[in-house]
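Step one of this worksheet: look at the structure below.
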Amino acid sequence: MLHVAVIPMGDLRKMEIIWALPPLMEHYRQLALDISVGNDMTGFTHNSTWTSITISIQLQGEGIKRYDEESIYTYVEQLAENMHMFPPEHYLCGRTLFFEYNEQLLLDCLDFLRPQGMLVLLYDKSYSNMINMAEEPWHGVRYKCQGQANVFVY
């Protein structure tokens, strides 16, 4: 498990747990690729090279109000993406419905969801007192990693 403490740019307290899997887009008929878990933007992220499963937990604040305001834009964005990934008859449901049951595929995916293969990101301003933090070069976000660095190798 890799644990990363992050000093966020804004007022944010959040925990994200992320697992990396092989690419799964070709199996969209057998997996619901847009399962949401937690109270933030979470679920599957996928492209032609990898898939991630993210559980995101807001640890304080006005998360639900912001989610409601952004949800219509998220829907339009996902619909536009779906038009590039799925055939026309699956634009609206390609991410969310199981069309075919494949038990082995589900078991294979579950094998990746183990503690030794997860990345835990914790965002909190209180980490500003930590020593020996690295700095991300583009935005200057400070962070500190603890644990294995090769968790995303599958």
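Bear in mind these aren't lab numbers, they're just calculated from the coordinates by the rules spelled out. Computed from a predicted structure; not experimentally measured. We place every Cβ from the backbone using ideal geometry, glycine too, and count neighbours over all the protein chains shown.
Computed from backbone phi, the HN-Hα couplings of segment 125-141 come to 4, 5, 6, 5, 8, 6, 9, 6, 8, 8, 10, 5, x, 7, 10, x, 6 Hz, rounded to whole numbers (Karplus: 6.51 cos²θ - 1.76 cosθ + 1.60, θ = phi - 60°; Gly and Pro given as x). Each peptide in 128-137, 6-15, 115-124 receives the mean, over its residues, of other Cβ atoms within 10 Å, and ordering these scores from highest gives 115-124, 6-15, 128-137. Here the mean projected area of the convex hull built on the C-alpha positions of segment 82-154 is 8.6 nm². For segment 106-120, the Karplus equation 6.51 cos²θ - 1.76 cosθ + 1.60, evaluated at θ = phi - 60°, returns couplings of 4, 5, 4, 5, 4, 4, 7, 8, 10, x, 5, x, 10, 10, 10 Hz by residue, with Gly and Pro reported as x.
Were the residues from PHE112 through SER128 laid out at 0.36 nm apart, the gain over their Cα-Cα distance would be 2.5 nm. The calculated FRET efficiency for the pair MET83 and SER48, based on their C-beta separation and a Förster distance of 22 Å, comes to about 0.85.
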